Amino acid sequence: EEEIQAEEDAQMAAATQSAAEAVSATELELLEKMTQIAESTRHRPDGRVKKLIEWIQQNQCPDLGQPGARWNNRRVLIFTEYTDTKRYLEHQLQQAIALSDRERERIDAFTGGMGDEQRERVKSAFNADPQYHPLRILIATDAAREGVNLQNHCADLFHFDVPWNPSRMEQRNGRIDRKLQRKSEVRCHYFYLAQRPEDRVID
């Protein structure tokens, strides 16, 4: 296996080298422009984050942006597909809720790399009575899509990333859309981008 892997690596290196030699000055210039555009926007929130922040302000923290803004008792579960997306989203939301009441305690995450003790701590916090625990936003990767009960005080869920397998969406929804859910209605949201042809599948 090591010999096969070494041969594949050598082939890839050779192909990369020959492709690099064939790159024209125009292509290099275009790549440089693309890099500049990407770098200038890399830390800005995308449209989904903006909509999510609007939702948080309308439904969880009406005075968001004001020093000491108070939170109500509503909780939200946000699913992402990738750990990188989770980090990006966590950073964007922390910035958005800065200066609000107990801002550092409002967001937590549930990922595959957590130990059992930490998982149980996060689950307990999210299922605790919101009158007594400040956690309001839980960002989860697909590590939480099966076998995790999060319905105790949460009836809102966002699919920040949408998986292509519809059963995975249903598994995610099942974290709050299940027996012992206190609310008569559960709201599971996803982002539909009208200009993107593949979103017709979601529609």
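A simple charge model with +1 on the Cβ of Lys and Arg, -1 on the Cβ of Asp and Glu and nothing else charged puts the dipole of the chain at about 1860 debye relative to its Cα centre. For a straight C-alpha distance cut-off of 24 angstrom, the lysines reachable from Lys50 (same-chain residues fewer than eight places away being disregarded) are Lys86. Secondary-structure-derived ellipticity at 222 nm for the chain, considering helices only, amounts to -13500 deg cm²/dmol, per-run term -39500 (n - 2.57) for DSSP H runs with n ≥ 4. Give the carbon-plus-sulfur fraction of the accessible surface of segment 104-203 in %, rounded to a whole number; probe 1.4 Å, heavy atoms of protein chains only. Whole-percent figure for carbon plus sulfur exposure: 44.
By the rule of a C-alpha distance below 25 Å, with chain neighbours fewer than 8 residues away ignored, the lysines paired with Lys179 are Lys123.
What FRET efficiency, computed as 1/(1 + (r/R0)^6) with R0 = 41 Å and r the Cβ-Cβ distance, is obtained for Arg102 and Glu170, rounded to the nearest 0.05? Provide the component values of the computation, followed by the final result.
Details: r = 34 Å, r/R0 = 0.82.
Efficiency for this residue pair is about 0.75.
Can you compute the FRET efficiency between Asp129 and Arg200 using 1/(1 + (r/R0)^6), with r the Cβ-Cβ distance and R0 = 35 Å? Round to the nearest 0.05.
Working: r = 42 Å, r/R0 = 1.20.
Working from the Cβ atoms, E equals 0.25.
Taking Asp46, Asp116, Asp84 in turn, the Gaussian network model of the chain (Cα-Cα springs below 10 Å) assigns the largest fluctuation to Asp116. The local environment of Asn152, defined by Cβ-Cβ distances under 10 Å, has a net charge of +2 under the rule Lys, Arg +1 and Asp, Glu -1.
Relative contact order for segment 63-149: 41 percent, from Cα pairs under 8 Å spaced at least 6 residues apart, divided by residue count. If amide H atoms are built 1.01 Å from N in the plane of the peptide, which residues on other chains or at least 5 residues away come under 5 Å of the amide H of Phe110? Those qualifying (amide H under 5 Å, at least 5 residues apart or on another chain) are Ile139, Ala140, Thr141. Here segment 130-167 is scanned for amide nitrogen atoms under 13 Å from the site 7 Å beyond the Cα of Phe191 along Cα-to-Cβ, giving 158-163. Rolling a 1.4 angstrom probe over the protein heavy atoms with all chains in place gives the chain an accessible area of 63 Å² per residue. The 3J(HN,Hα) values that the Karplus relation (6.51, -1.76, 1.60; θ = phi - 60°) gives for segment 4-17 are, in residue order, 5, 4, 5, 5, 5, 4, 5, 5, 5, 4, 5, 5, 5, 4 Hz. Gly and Pro appear as x.
For the options Thr16, Thr26, Thr83, a Gaussian network treatment of the chain with springs between C-alpha atoms closer than 10 Å singles out Thr16 as fluctuating the most.
Taking Cα centre as origin and charging only the Cβ of basic (Lys, Arg, +1) and acidic (Asp, Glu, -1) residues, the dipole magnitude of segment 98-203 rounds to 220 debye.
What is the dipole size for segment 25-82, taken about its Cα centre, with +1 at each Lys and Arg Cβ and -1 at each Asp and Glu Cβ, in debye to the nearest 20? Present the calculation step by step, with values, prior to reporting the outcome.
Details: 9 positive and 8 negative charges, 109 e Å.
Dipole size: approximately 520 debye.
Evaluate E = 1/(1 + (r/R0)^6) for Ala38 and Arg121, where r is the Cβ-Cβ distance and R0 equals 45 Å; express this FRET efficiency to the nearest 0.05. Present the calculation step by step, with values, prior to reporting the outcome.
Numbers: r = 37 Å, r/R0 = 0.82.
Efficiency computed from Cβ-Cβ geometry: 0.75.
Over all other residues within a Cβ to Cβ distance under 12 Å of Arg102, the charged ones net out to +1, with Lys and Arg as +1 and Asp and Glu as -1. Give me the percent relative contact order of the chain, please, defined on Cα pairs under 8 angstrom at least 6 residues apart. It rounds to 18 percent for the chain.
Other residues within the sphere of radius under 14 Å centred on the Cβ of Asn59, judged by their own Cβ, net out at +4 (K and R +1, D and E -1).
The values are calculated or read from the model by the stated rules, or taken from the named source; none is laboratory data. For clarity, every value in this text was computed on a predicted model and none was experimentally measured. Note that each Cβ is placed from the backbone with ideal geometry, even for glycine, and that neighbours are counted across all protein chains shown. Heavy atoms of the whole protein, side chains included, go into the accessibility calculation; ligands, DNA and RNA do not. Shrake-Rupley method; radii C 1.70, N 1.55, O 1.52, S 1.80 Å.
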